[in-house]
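Following: one structure in structure tokens, then a few remarks.
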Amino acid sequence: MTIMSNILNHNEVFVGENQYEDYKTTKFPDKKIVILTCMDTRLLELLPKAMGLRNGDAKIIKNAGAVVSHPFGSIMRSILVAIYELKAEEVFVVGHHGCGMVGLQSDSILKSARSKGVPPEKFETLKHAGIDLSSWLTGFSCVEESVKSSSHRIKNHPLMPEGIPVHGMVIHPETGKLDLVEDGYHMTRETPSSFKKEVQA
Ligand SMILES: [Zn+2]
């Protein structure tokens, strides 16, 4: 039995027995929040429980590391959609201790890609196209700094409306304990010129 057929078999029972009824809600977050967090498996159920969230309470965006790595990438777009279209009023960036993105080096990913058969000329083609794989595939050195940096990037985005608090937290992946690293109620926006510099960098 494949992984996919296992999932489909489960799904047939889930739908057939109306188990979905326990999860009925709307697309609008009841707690009016949007959370950016990491795709780490340990957080799948732990994070919502640790934050007191049920189905329907929050918009949750996930990627590797809970990072906004580009001001006009899909993560920032999702946050803006949550605010403007789905009535989110506060943003939470929640990194975690023991994150695989801490200390991640592009070398190990590229080496693994080569060993799985990605031909060397593909790396050359990307290089000639101006794609900097080593910076794109590199993680961060400190989760607290990364959370702060992403929080500020969101807060200072030119399309962010005034008055939306952006909080930064780090969660423990075993106990679920949350450490506050950025209190969004007291964060002020930077001047537009500093953002302009960042975009140009
Ligand atoms: Zn992680």
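Derivation of every value follows stated rules applied to the coordinates shown; laboratory data play no part. Owing to the predicted nature of the structure, the values given are computational and were not obtained by experimental measurement. Here the Cβ is made from the backbone with ideal geometry for all residues, glycine too, and neighbour counts use every protein chain on show.
Counting only residues that are closer than 21 Å to T26 by Cα and of a type in the set (F, W, Y), region 59-117 holds 2 of them. Where helices (runs of 4 or more DSSP H) sit wholly within region 106-171, those with at least 2 residues that are surrounded by fewer than 11 Cβ atoms within 10 Å (Cβ to Cβ) occupy 106-115, 120-128. Within region 49-89, the set of residues being in a helix (DSSP H, G or I) and not polar (S, T, N, Q) comprises K49, A50, I75, M76, R77, I79, L80, V81, A82, I83, Y84. Pairs linking a residue in region 57-78 that is of a type in the set (S, T, N, Q) to a residue that is away from the ligand (no atom under 16 Å from the Cβ) and in a strand (DSSP E or B), with Cβ atoms under 9 Å and 6 or more positions apart or on different chains, are S78/V34; S78/K59. Checked across region 97-109, the condition of being touching a residue at least 60 places away in the same chain (Cβ under 8 Å), within 16 Å of the ligand (Cβ to nearest atom) and among the aliphatic types (A, V, I, L, M) holds for at least one residue.
Determine whether A50 is buried (at least 16 other Cβ atoms within 10 Å of the Cβ), touching a residue at least 60 places away in the same chain (Cβ under 8 Å) and within 14 Å of the ligand (Cβ to nearest atom). Full working, then the answer.
On the way: buried (at least 16 other Cβ atoms within 10 Å of the Cβ): yes; touching a residue at least 60 places away in the same chain (Cβ under 8 Å): yes; within 14 Å of the ligand (Cβ to nearest atom): no.
So A50 does not fit the description; no.
Among the residues of region 90-102, what is the count of those that are surrounded by 17 or more Cβ atoms within 10 Å (Cβ to Cβ) and either out of contact with any strand residue (DSSP E or B) (no Cβ under 8 Å at 6 or more places or on another chain) or part of a helix (DSSP H, G or I) (or both)?
Going residue by residue through region 90-102, those that are surrounded by 17 or more Cβ atoms within 10 Å (Cβ to Cβ) are 90-96, 99, 101.
Checking which are either out of contact with any strand residue (DSSP E or B) (no Cβ under 8 Å at 6 or more places or on another chain) or part of a helix (DSSP H, G or I) (or both) leaves us with none.
The number of residues fulfilling the criteria is 0.
Scan region 128-138 and give yes if some residue there is of a type outside the set (G, A, S), within 16 Å of the ligand (Cβ to nearest atom), in contact with a Pro (Cβ under 7 Å, 6 or more places away or on another chain) and closer than 29 Å to H172 by Cα, otherwise no. Full working, then the answer.
Keep residues of region 128-138 that are of a type outside the set (G, A, S), which gives 128, 131-133, 136-138.
Those left that are additionally within 16 Å of the ligand (Cβ to nearest atom): 137-138.
After this cut, where a residue has to be in contact with a Pro (Cβ under 7 Å, 6 or more places away or on another chain) as well, the list is none.
Within region 128-138, none of the residues are of a type outside the set (G, A, S), within 16 Å of the ligand (Cβ to nearest atom), in contact with a Pro (Cβ under 7 Å, 6 or more places away or on another chain) and closer than 29 Å to H172 by Cα.
Looking at region 76-91, can you tell me whether even one residue there is farther than 14 Å from S150 by Cβ, out of contact with any Cys (no Cβ under 7 Å at 6 or more places or on another chain) and of a type in the set (S, T, N, Q)? Taking every residue of region 76-91 in turn, none turns out to be farther than 14 Å from S150 by Cβ, out of contact with any Cys (no Cβ under 7 Å at 6 or more places or on another chain) and of a type in the set (S, T, N, Q).
Within region 13-48, being among the hydrophobic types (A, V, I, L, M, F, W, C) and part of a loop (DSSP other than H, G, I, E, B) holds for F28, M39. Checked against (1) touching a residue at least 60 places away in the same chain (Cβ under 8 Å); (2) more than 16 Å from the ligand (Cβ to nearest atom), D40 passes all but condition (2).
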